[in-house]
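*Asks:* One structure is given below, represented as structure tokens, and several questions about it will come after.
The values are calculated or read from the model by the stated rules, or taken from the named source; none is laboratory data. A quick note: this is a predicted structure, and the numbers were derived from the prediction, not measured. No Cβ is skipped: glycine too gets one built from the backbone with ideal geometry, and neighbour counts run over all protein chains shown. Remember, those area values only see protein heavy atoms, side chains included, never the ligands or the DNA or RNA. Shrake-Rupley method; radii C 1.70, N 1.55, O 1.52, S 1.80 Å.
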Amino acid sequence: MASARASIRGDRPIPATVRAGGHTVRSRPSTVKRSVAQSLRASLDDDEESGRVRVAVRLRPKNADDLLSESDFTDCLELQPELKRVKLRKNNWSSESYRFDEVLTETASQKRVYEAVAKPVVESVLNGYNGTVMAYGQTGTGKTFTLGQLGKKDKSQCGIMVRALEDILVDISPAFDTVSVSYMQLYLESVQDLLAPEKINIPIVEDPKTGEVSLPGLAIVEIRDLGQFLELLQIGEANRHAANTKLNTESSRSHAILMVHVQRSSKLKDETEVSSQGNNTDGNISSQHVSMILRSKLLIVDLAGSERIDKSGSEGHMLEEAKFINLSLTSLGKCINALAENSPHIPTRDSKLTRLLRDSFGGTARTSLVVTVGPSARHYSETASTIAFGQRAMKVVNMMKLREEIDYDSLCKKLESQVDNLTCEIERQQKLRDDEKEQVEKKLKDYETLLSEAENQLDFFQLEVERQQKLRNDDKEQMEKKLKDYEVLLFEAENNVEFLKSQINEQKKLRDAEKELMETKLKELSTSLSGAETNFASKYERLEMEKSELDIEIKKLMEELNMQKGQNDLMSGEIVRLEMCIKQDKMLQNEIEELTLNLDQISKLNKEAGSEVQSLRLENKKLVSEKEFLNKELITSQEKLSGEETKRKILQNELAKVKGLVSNDTIDHETKMPFLSDIGLSNILTLLKSEDLDVQIHAVKVVANLAAEDSNQERIVEEGGLDALLMLLETSEDPTIYRVTAGAIANLAMSGSNQGLIMSKGGARLLANIASKTDDPQTLRMVAGAIANLCGNEKLHMMLKEDGGTKALMGMVRCGHSDVIAQIARGIANFAKCESRGISQGHRKGRSLLIDDGALRWMVENSTAFSTSTKRHIELALCHLAQNEANAVDVISSGGIRELIRISRESSREDIRNLAKKALNSNPAFLVEMRKL
């Protein structure tokens with residue numbers, strides 16, 4: 001029977017994918033051999049990767065030691081929970097970005113941590129899969145708080161252990177399901193029972209067939225309610241080894257493992273399916289169902305913290321404990337590395353910890369890991385090591401298997417009950433068979449009646465269908481008729497359109513005809529005018545001839561009058577005739593005048609007609625030229641629009657690439673060079689001139705990130721990036737542009753070759769202007785950082801003073817923000833150090849340029865008011881200023897002697913103390929003042 005159960009046990013594999021990392025990750029099934037994951041996935045946070053080890057990072061809040069840190073940058077970590085990224089800062093300007101499945105800030109609640117880290121694993125355990133939740137990190141970073149906090153005073157502070165058991169107890173059915181727990185610790189490479197502390201050196205046994213690990217003799221307690229579990233957890237915590245170190249007042253000196261065993265009744269399965277798995281050939285129960293039970297196990301592992309002896313101060317027996325802790329963690333790290341790199345050998349037997357966790361990494365369990373880190377830069381190496389451990393663990397993939405087997409006790413009881421029921425049912429069926437026969441005959445008659453009624457109803461329905469078909473046909477005819485009417489209306493509308501087009505053409509022809517008629521009339525008028533001129537000339541010649549003839553006759557008559565005075569009667573008649581001729585001559589003169597007037601009117605009309613024709617011709621030419629000009633402009637505009645559209649599409653594509661690569665002002669170092677080659681620096685700089693503010697901001701962020709690398713700075717300056725950034729500072733009104741542009745210039749100002757260019761192009765003046773226009777701490781921090789970098793070049797000091805750079809640096813003190821004050825102090829220290837070096841080399845004389853802007857008095861008044869790093873910069877600057885004898889009067893009048901004495905005694909750095917002593921002893925005026933004090 002036992003062998004049959006072993007053969008029918010249902011360890012069914014659930015396929016799981018692995019992350020994209022270039023390697024196939026090995027996973028460990030229930031047998032000794034490990035299987036390789038079948039496929040790769042590119043995304044780390046794909047919910048379907050149920051078999052991959054899920055890793056979350058949790059940041060511990062600052063403690064008193066972190067607040068007293070002496071590093072230049074207090075925090076070495078920057079969390080980006082919305083991007084699931086962690087930035088690890090080496091210094092103020094260099095950082096590395098890592099991605100995790102979850103990023104939990106210092107304000108994340110215990111409930112949020114449980115839901116993000118452990119709840120999916122607990123749900124898998126309730127569904128029949130093994131699961132592991134583990135905490136890893138430096139000592140004192142909150143592993144035990146995350147996992148084992150009991151929440152006695154405040155239930156919201158309960159850790160993962162309490163919340164997991166609470167969810168399991170709520171979900172199970174007490175009548176059918178059972179939950180039991182074991183609690184142990186691995187101390188000095190020895191397994192000890194925390195619920196029964198007398199049990200030590202418990203052996204670890206592996207099943208040679210299944211590879212499962214068991215601990216014979218380990219106490220297993222069945223849990224009925226949460227209160228009972230909390231009591232057991234308190235007993236285990238009281239028995240766990242802990243000690244007080246420099247890093248943690250209650251440092252765990254052992255690895256604690258809570259093992260939760262869950263047995264649940266599963267859904268019913270067809271026994272034919274089970275029989276095929278267990279080679280059961282009994283066909284009598286093939287139509288029945290078999291109850292299955294799920295036997296799953298949850299491990300909650302609170303690892304002891306890794307520690308450095310020089311930092312923790314461990315000695316004596318604690319030193320021995322630290323050695324065993326670090327050795328077991330090292331063995332665990334080797335196994336993780338081997339699994340991540342697909343190594344053929346996994347060194348799980350190097351320590352008892354890796355043997356206990358062999359199913360959690362590369363095995364069949366669903367595993368979730370939370371790595372805990374602190375914010376202090378003092379522990380940068382430990383934090384970096386913890387982050388690297390989490391990154392490697394994300395590459396490990398397990399082959400999850402359902403822990404399911406047949407419930408044989410329930411099956412036997414069910415089969416016996418079914419046999420009894422079937423016997424009674426056969427006897428009852430035999431007795432009722434005759435009665436059923438009579439009832440069947442009666443029902444047959446009833447069915448025949450119903451069949452006839454159904455046939456009648458079928459005929460009625462057929463008639464109704466035909467009527468509905470006829471109605472649909474009528475509707476179809478009406479719709480076709482309406483469609484034809486609409487087609488007729490459409491045809492008439494088209495004819496009307498054609499008629500209107502013909503009318504327009506006729507109107508055009510009429511206008512052309514009228515134009516031709518006017519030209520014809522003009523020609524006729526010109527012809528009639530020329531004919532009238534010819535007639536006038538002929539009539540005028542004829543009148544002249546007649547006048548000359550009359551003159552000759554008058555002369556003859558006068559001669560005859562003189563010769564014939566006596567012939568009066570004859571002469572009188574002749575005189576009368578001559579008078580008539582004279583009258584006719586006057587009448588001819590009047591006709592000539594009228595003809596002259598008519599000729600003038602005709603000439604005037606001719607000129608008016610000519611001018612009108614000329615104006616019409618000019619207007620026609622003007623309209624033709626305007627038409628040609630408009631056509632050319634239309635073509636030019638179309639070409640310009642086409643070019644702009646092409647350019648816009650290119651810029652949109654480039655902008656999409658920029659937005660895809662820029663996420664929260666960060667471009668990974670590995671993607672910068674391919675990014676430059678794909679898009680091109682010139683195209684990125686072109687985007688700085690875009691009219692879209694969002695495009696400008698993203699482009700400046702990209703340039704700022706590229707400028708952080710020394711290898712990119714020369715190209716940025718050569719291709720006009722510096723000029724574009726300075727232009728943005730001068731023309732933009734957007735505060736975000738101010739901030740990111742100042743940051744980019746600060747990165748460029750780190751190079752000495754760029755500092756002179758920035759000053760010559762008015763960079764200090766623009767930065768000073770921005771400092772006077774904004775009160776945003778982040779913007780002022782960037783501006784102060786840029787000016788502080790420029791202060792490190794002695795050749796630029798006078799120009800920096802003239803452009804208002806030093807005055808702006810001191811003016812930003814009004815902000816009061818610690819990061820801004822830190823940059824101001826760094827800039828003053830750079831300025832004073834360069835001045836001191838110039839004086840010692842002999843090419844610099846006179847009073848310091850900083851004193852006029854109030855830097856000395858501010859340093860004396862605030863030398864102890866800020867953080868350690870800021871205070872160190874102020875002390876260094878004050879010592880350098882005191883070395884210049886020209887500054888002695890100002891140092892004395894501002895009370896600087898007392899500060900120099902304090903620095904020489906209390907400064908945290910020996911070199912600054914020596915520098916203060918040197919300044920006090922080398923100046924006679926200072927010695928006199930010291931005697932007075």
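*Asks:* Which of the residues spanning the stretch 904-923 are assigned to a helix (DSSP H, G or I) and open to solvent by less than 90 Å² (accessible area, probe 1.4 Å)?
*Replies:* Applying the first criterion (assigned to a helix (DSSP H, G or I)) to the stretch 904-923 yields 904-906, 910-922.
Ser904, Asp911, Ile912, Arg913, Asn914, Leu915, Ala916, Ala919, Leu920, Ser922, listed by residue number.
*Asks:* Being within 19 Å of Cys791 (Cα to Cα), of a type in the set (Val, Ile, Thr) and modelled with pLDDT of 85 or more is true for just one of Ile874, Ile901. Which residue is that?
*Replies:* Details: Ile901 fails: within 19 Å of Cys791 (Cα to Cα).
Matching residue, one of Ile874, Ile901: Ile874.
*Asks:* Take the residues in the stretch 746-757 that are surrounded by fewer than 24 Cβ atoms within 10 Å (Cβ to Cβ) and of a type in the set (Gly, Ala, Ser); name whichever of them is farthest from Glu709 (Cα to Cα).
*Replies:* Taking the stretch 746-757 and keeping what is surrounded by fewer than 24 Cβ atoms within 10 Å (Cβ to Cβ), we get 750-757.
After this cut, where a residue has to be of a type in the set (Gly, Ala, Ser) as well, the list is 751-753, 756.
Details: Ser751: 10, Gly752: 14, Ser753: 14, Gly756: 19 Å.
In this case the residue turns out to be Gly756.
*Asks:* Hey, does the stretch 145-152 have a residue that's among the basic types (Lys, Arg), assigned to a loop (DSSP other than H, G, I, E, B) and open to solvent by 20 Å² or more (accessible area, probe 1.4 Å)? First the steps, then the outcome.
*Replies:* Here is the first cut: in the stretch 145-152, the residues among the basic types (Lys, Arg) are 152.
Okay, now just the ones that are also assigned to a loop (DSSP other than H, G, I, E, B), so 152.
From the residues that got through so far, the ones that are open to solvent by 20 Å² or more (accessible area, probe 1.4 Å) too are 152.
Scanning the stretch 145-152 turns up at least one residue that is among the basic types (Lys, Arg), assigned to a loop (DSSP other than H, G, I, E, B) and open to solvent by 20 Å² or more (accessible area, probe 1.4 Å).
*Asks:* For Arg847, are the conditions met, namely being open to solvent by 10 Å² or more (accessible area, probe 1.4 Å), of a type in the set (Lys, Arg) and part of a loop (DSSP other than H, G, I, E, B)? I'd like the intermediate steps shown before the answer.
*Replies:* Values: open to solvent by 10 Å² or more (accessible area, probe 1.4 Å): yes; of a type in the set (Lys, Arg): yes; part of a loop (DSSP other than H, G, I, E, B): yes.
Yes; evaluated as a whole, the condition is true for this residue.
*Asks:* Checking Val205 against (1) surrounded by 15 or more Cβ atoms within 10 Å (Cβ to Cβ); (2) touching a Pro at 6+ places or on another chain (Cβ under 7 Å), which test does it fail?
*Replies:* Among (1) surrounded by 15 or more Cβ atoms within 10 Å (Cβ to Cβ); (2) touching a Pro at 6+ places or on another chain (Cβ under 7 Å), the lone unmet condition for Val205 is (1).
*Asks:* When only residues in the stretch 98-113 that are among the acidic types (Asp, Glu) and open to solvent by 20 Å² or more (accessible area, probe 1.4 Å) count, which is nearest to the chain's Cα centre (by Cα)?
*Replies:* Top of the filtered list is Glu102.
*Asks:* For the stretch 114-138, what are the residues that are touching a Leu at 6+ places or on another chain (Cβ under 6 Å) and surrounded by fewer than 24 Cβ atoms within 10 Å (Cβ to Cβ)?
*Replies:* Listed by number, the list holds a single entry, Gly128.
*Asks:* Restricting the stretch 153-175 to residues that are in a helix (DSSP H, G or I) and of a type in the set (Lys, Arg), which is most open to solvent (accessible area, probe 1.4 Å)?
*Replies:* Pass one, the stretch 153-175, residues in a helix (DSSP H, G or I): 155-157, 160-171.
Filter again for of a type in the set (Lys, Arg), leaving 155, 163.
Values: Lys155: 167, Arg163: 37 Å².
So the residue we want is Lys155.
*Asks:* Hey, another quick one. Modelled with pLDDT of 70 or more, of a type outside the set (A, V, I, L, M, F, W, C) and touching a Leu at 6+ places or on another chain (Cβ under 8 Å): is that true of Gln696 in this structure?
*Replies:* Yes.
*Asks:* Answer yes if at least one residue in the stretch 789-802 is within 23 Å of Ile716 (Cβ to Cβ), open to solvent by less than 10 Å² (accessible area, probe 1.4 Å) and under 30 Å from the mean Cα position of the chain (by Cα), and no otherwise. Steps first, please.
*Replies:* Looking only at the stretch 789-802, we keep the residues that are within 23 Å of Ile716 (Cβ to Cβ), and these are 789-793, 795-796, 799-800.
Those still in the list that are open to solvent by less than 10 Å² (accessible area, probe 1.4 Å) too: 790-791, 800.
Narrowing the set further to residues that are under 30 Å from the mean Cα position of the chain (by Cα) leaves none.
Scanning the stretch 789-802, I find no residue that is within 23 Å of Ile716 (Cβ to Cβ), open to solvent by less than 10 Å² (accessible area, probe 1.4 Å) and under 30 Å from the mean Cα position of the chain (by Cα), so the answer is no.
*Asks:* Here's something else I'd like to know. Out of (1) open to solvent by 60 Å² or more (accessible area, probe 1.4 Å); (2) closer than 23 Å to Phe324 by Cα; (3) touching a residue at least 12 places away in the same chain (Cβ under 8 Å); (4) of a type outside the set (Val, Ile, Thr), the odd one out for Asp225 is which?
*Replies:* If we test Asp225 against (1) open to solvent by 60 Å² or more (accessible area, probe 1.4 Å); (2) closer than 23 Å to Phe324 by Cα; (3) touching a residue at least 12 places away in the same chain (Cβ under 8 Å); (4) of a type outside the set (Val, Ile, Thr), just (2) comes out false.
*Asks:* OK, next. Might you check whether a residue that is farther than 28 Å from Ser410 by Cβ and at pLDDT below 75 occurs anywhere in the stretch 228-243?
*Replies:* yes
*Asks:* Can you find a residue that is modelled with pLDDT under 95 and open to solvent by 20 Å² or more (accessible area, probe 1.4 Å) anywhere in the stretch 361-378?
*Replies:* Among the residues of the stretch 361-378, at least one is modelled with pLDDT under 95 and open to solvent by 20 Å² or more (accessible area, probe 1.4 Å), which makes the answer yes.
*Asks:* So which residues in the stretch 352-380 are hydroxyl-bearing (Ser, Thr, Tyr) and either over 16 Å from Gln391 (Cα atoms) or out of contact with any Ser or Thr (no Cβ under 8 Å at 6 or more places or on another chain) (or both)?
*Replies:* Looking only at the stretch 352-380, we keep the residues that are hydroxyl-bearing (Ser, Thr, Tyr), and these are 354, 360, 364, 367-368, 372, 376, 380.
Of everything in the stretch 352-380, those that are hydroxyl-bearing (Ser, Thr, Tyr) and either over 16 Å from Gln391 (Cα atoms) or out of contact with any Ser or Thr (no Cβ under 8 Å at 6 or more places or on another chain) (or both) turn out to be Thr354, Ser360, Thr364, Ser376, Tyr380.
Residues checked against (1) surrounded by fewer than 16 Cβ atoms within 10 Å (Cβ to Cβ); (2) in contact with a helix residue (DSSP H, G or I) (Cβ under 9 Å, 6 or more places away or on another chain):
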| residue | (1), (2) |
| --- | --- |
| Ile828 | no, yes |
| Ala832 | no, yes |
| Ser840 | yes, no |
| Ser863 | no, yes |
| Glu875 | no, yes |
| Arg902 | yes, yes |
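Okay, residues lined up against (1) surrounded by 12 or more Cβ atoms within 10 Å (Cβ to Cβ); (2) at pLDDT below 70; (3) farther than 30 Å from Leu688 by Cα:
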{"site": "Leu595", "(1), (2), (3)": "yes, no, yes"}
{"site": "Lys604", "(1), (2), (3)": "no, no, yes"}
{"site": "Ser611", "(1), (2), (3)": "no, no, yes"}
{"site": "Leu630", "(1), (2), (3)": "no, no, yes"}
{"site": "Leu634", "(1), (2), (3)": "no, no, yes"}
{"site": "Glu639", "(1), (2), (3)": "no, no, no"}
{"site": "Glu654", "(1), (2), (3)": "yes, yes, no"}
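*Asks:* Which of the residues spanning the stretch 345-399 are in a loop (DSSP other than H, G, I, E, B) and of a type in the set (Gly, Ala, Ser)? Talk me through it step by step, then tell me what you get.
*Replies:* Our first condition is that a residue be in a loop (DSSP other than H, G, I, E, B); within the stretch 345-399, this holds for 345-347, 351, 357-365, 374-375, 394-396, 398-399.
Across the stretch 345-399, the qualifying residues are Ser351, Ser360, Gly362, Gly363, Ala365, Gly374.
*Asks:* Kindly indicate whether any position in the stretch 158-170 is touching a Phe, Trp or Tyr at 6+ places or on another chain (Cβ under 7 Å), within 21 Å of Met400 (Cβ to Cβ) and among the β-branched types (Val, Ile, Thr).
*Replies:* If we filter the stretch 158-170 for residues that are touching a Phe, Trp or Tyr at 6+ places or on another chain (Cβ under 7 Å), which is where we start, we get 159-160, 163, 165.
Next, only the ones that are within 21 Å of Met400 (Cβ to Cβ) stay: 160.
From the residues that got through so far, the ones that are among the β-branched types (Val, Ile, Thr) too are 160.
Yes - at least one qualifying residue is present in the stretch 158-170.
*Asks:* Let me ask something else about it. Please give the number of the condition Val488 fails out of (1) within 60 Å of the chain's Cα centre (by Cα); (2) open to solvent by 100 Å² or more (accessible area, probe 1.4 Å); (3) aliphatic (A, V, I, L, M).
*Replies:* Against the list (1) within 60 Å of the chain's Cα centre (by Cα); (2) open to solvent by 100 Å² or more (accessible area, probe 1.4 Å); (3) aliphatic (A, V, I, L, M), Val488 comes up short only on (2).
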